[in-house]
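Below: the structure, in structure tokens.
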Amino acid sequence: MQEFCMGEVGFRRNFPVTNREIAEILPFYVSVFGHFCCGSDYYTRRDQYEMCLLLYTIRGCGWLKYQGQQVTIPENCLAVIDCRNYQHYRTYGQEWEFYWIHFDGKCAVDLVSLLNGNGLTVAQAGPHLDFSGWVQELQRISQSGDRNRELHLSELMHRLLCRAIEVADRQKEVRKYRTLQPEIDRAVCWMQGHYGEEITVEQLAKHSRMSKYHFIRVFRSLTGDTPYRYLLLYRIDRSKQLLLDTHMTVQEIADACGFSSSKNYIAAFRSCTGLTPGKFRDTMSP
């Protein structure tokens, strides 16, 4: 069963991929992908289509019914489905601009199932998943004359889906620990107020009323960094302000920002910025 309504179309760009026989034995292959902008009347209903489908919203919002669940796909989010199952997707609102990829392969259904679990997952892209960059690379490879084009496309789809699974898994962790956000905020506030002092993870965990290892797990899930990394970057940021706004020496800044020595401060600063503190001061000062 297939039913479509295009409605008002802003633009539609399709990029079909003609695969050679090797594609049939690869983990993934791409059949066609594109960039579509449609109005409020657009929808698609179908099943028994021998492909998987990835939908990524650039602007506006889409609505998707699949595996008994109904979700929206807002801007900068994606969903992946197996089109052998019934699906119904449409514009949610006045306009929906999105990328789409039809793909399949030996591992396609398994990875789609891994991403969705028992239902349907909407993953939010961002710094960890620059989807427009993936599409540009997909277009470059598919239009190249490379004799190994199918291999490269399979590898690209594998990396893309694995990254989407990682992002979705992180979102689940964040939702799981969301009720502990006030405790992590308390630790961050205390850290920022005492960054010039010696700080231990045990102290931070105590302020959050958690065990050390639970605190580390929750902190990383909600902030994206370990407590040590977060504190290091905060100290580096504060030291940058002192480098630009004062005439303090590197040693004085190291002491003020909680580093054990100027040597450790210089090494940490270079690791985070690629510059020494002195070079940063000379380069960035007006």
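Number of residues in region 55-73 that are in a strand (DSSP E or B) and either touching a residue at least 40 places away in the same chain (Cβ under 8 Å) or of a type in the set (D, E, K, R) (or both) equals 12. Ser113 falls short on exactly one of the conditions (1) of a type in the set (Gly, Ala, Ser); (2) open to solvent by less than 50 Å² (accessible area, probe 1.4 Å); (3) part of a helix (DSSP H, G or I); (4) without any contact (Cβ under 8 Å) to a residue 60 or more places away in the chain, and that condition is (2).
Scanning region 169-217 for residues that are free of Cβ contacts under 8 Å to residues at least 40 places away in the same chain, within 26 Å of Ala123 (Cβ to Cβ) and buried (at least 17 other Cβ atoms within 10 Å of the Cβ) gives Ile184, Ile216. All of (1) touching a Leu at 6+ places or on another chain (Cβ under 9 Å); (2) modelled with pLDDT of 85 or more hold for Phe131 with one exception: (2).
All of Gly10, Gly39 fail the test of being open to solvent by less than 70 Å² (accessible area, probe 1.4 Å) and in contact (Cβ under 8 Å) with a residue 60 or more places away in the chain, apart from Gly10. Would you point out the residue of region 42-77, among those that are surrounded by fewer than 20 Cβ atoms within 10 Å (Cβ to Cβ) and among the aromatic types (Phe, Trp, Tyr), that is farthest from Leu161 (Cα to Cα)? The residue in question is Tyr43.
Residues checked against (1) surrounded by 14 or more Cβ atoms within 10 Å (Cβ to Cβ); (2) touching a strand residue (DSSP E or B) at 6+ places or on another chain (Cβ under 9 Å):
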residue: Arg140; (1), (2): no, no
residue: Asn148; (1), (2): no, no
residue: Ser154; (1), (2): yes, yes
residue: His158; (1), (2): yes, no
residue: Val167; (1), (2): yes, yes
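Here Pro182 clears all of (1) under 17 Å from Ile266 (Cα atoms); (2) assigned to a helix (DSSP H, G or I) except the condition numbered (1). Checked against (1) in contact (Cβ under 8 Å) with a residue 40 or more places away in the chain; (2) on the phi < 0 side of the Ramachandran plot, Asp130 passes all but condition (1).
The values are calculated or read from the model by the stated rules, or taken from the named source; none is laboratory data. Treat the numbers as computed from the prediction; the structure is a model and nothing was measured. Positions of Cβ are generated from backbone atoms using ideal geometry, with glycine treated the same way; all protein chains shown enter the neighbour counts. Just the protein is used for accessible areas: all its heavy atoms, side chains included, with ligands, DNA and RNA removed. Shrake-Rupley method; radii C 1.70, N 1.55, O 1.52, S 1.80 Å.
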